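Comments concern the structure below.
The values are calculated or read from the model by the stated rules, or taken from the named source; none is laboratory data. Model, not experiment: these values are computed from the prediction. Glycine also receives a Cβ, built like all others from the backbone with ideal geometry; neighbour counts cover every protein chain displayed.
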Amino acid sequence: MRPTALFISNIRWDFVWQRHQTMATLCARDYDVVFCEIPGVRRPTWQDLGRLWGWFKPSRKLRSAPPPAGVSVVRPLVLPAISPEWCRFNAVLLNRWLAWHPELRRGVDLIVNYSAARTALQLIERVPHRRLVYDCTDDWLAVRGIPEFLPADERQLLRQADLTLVPSRTLLTRKQPKARRCVQLPHGALVERFLVAPRPSAPLDRLVLLYYGHLHHQHLDFALLDHIARERPGWRLLLVGPVKTPHAFPANVILPGQVPHERLREFVEQADVILLPYALNGYTEAVMPAKTYECLATGRPVMASPLPELVAELPDMLNYPLGPKQWVPAIERVVATDTAEARAARIARAQANTWESRYERFTQLLRDLRT
């Protein structure tokens, strides 16, 4: 009988594909994985009503491929953990929900937790487990609208976890002093999904630029995207992903919406340049974009905001225009001067940073906990 791993996720299985789903899929080689979706930590607004309904409605049409063999997706009916009163009610709801899941009540070999929400702590408390891993992908304390008790809850989680993983140097600096054990495990890439043929040279007045991921003003520089689109009306900007913050983009900005991760290749094939147009703020200061090595795997030139983690990790692989006015000329210059050698170097860097290698490191860290 295989051991069981409980993944506690702050995103849905069918949301934009991230570290959560990839690690759960890889983990299913060695465990029966229960992927448990719970709401996040940000206080909801009226714009989030549709998102919250997605948590509460009893069934929904998946916007991605169904979970692979070995992964089952569950969704307890709980409220966002934004107040002590709601959290106390969640405790009752979790008790009732677990009554229908004896496989969790009996205990699991491993919990991999992605959430600092109090609901996650309540679930961890109720599911017996041998090892607890806190995979801290973001600095939740820098998210706008978090409850005031979240910092104390995360400190408890860091003390409780046998192992805390972080993808960036900044998060390692911030979380390591409070954690029992904290290790940097960078994001990887599913390289084979992004290998495409080189794109024929395009006229500089007819370029196609691609960003994929969810569109939220906290991490994405909407003003920069507006500037690029207006400066070059002959260009097309493909922004592929769910729009979390409504915005009136110029007409040459195309919003296809969310597509399954395995279909992103269709949009990469159309693109001359890949964009990582992140806002620079306290939240993104600790961000290492999960898609970084995927972007390199495309072989396309990558234009990025100078996030501290990107500049430190990839000073020579990405292009970092300094200020909005520099983006358009920098894009034109990169497209005009790109070489086959540069494309091959980008792909090689991605191939050296696959999710396969990250999972090998993860399993080694788990083995180290047993010694």
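Numbers at a glance
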| read-out | value |
| --- | --- |
| Test: residue in segment 160-167 that is surrounded by fewer than 20 Cβ atoms within 10 Å (Cβ to Cβ), in contact (Cβ under 8 Å) with a residue 60 or more places away in the chain and within 23 Å of Thr25 (Cβ to Cβ) | yes |
| Selection status of Ser9, at pLDDT 95 or above and either in contact with a Cys (Cβ under 7 Å, 6 or more places away or on another chain) or acidic (Asp, Glu) (or both) | yes |
| Residues satisfying the stated conditions in segment 323-343, i.e. farther than 15 Å from Val273 by Cα and among the small types (Gly, Ala, Ser) | Gly323 |
| Elements of type helices (runs of 4 or more DSSP H) contained in segment 61-177, each with 1 or more residues being of a type in the set (S, T, N, Q) | 84-99, 118-126, 150-160, 169-175 |
| Meets criteria (surrounded by fewer than 21 Cβ atoms within 10 Å (Cβ to Cβ) and polar (S, T, N, Q)) for Thr284 | no |
| In segment 102-142, residue nearest to Ala286 (Cα to Cα) [restricted to those that are modelled with pLDDT of 95 or more, in contact with a strand residue (DSSP E or B) (Cβ under 8 Å, 6 or more places away or on another chain) and exposed (fewer than 15 other Cβ atoms within 10 Å of the Cβ)] | Arg130 |
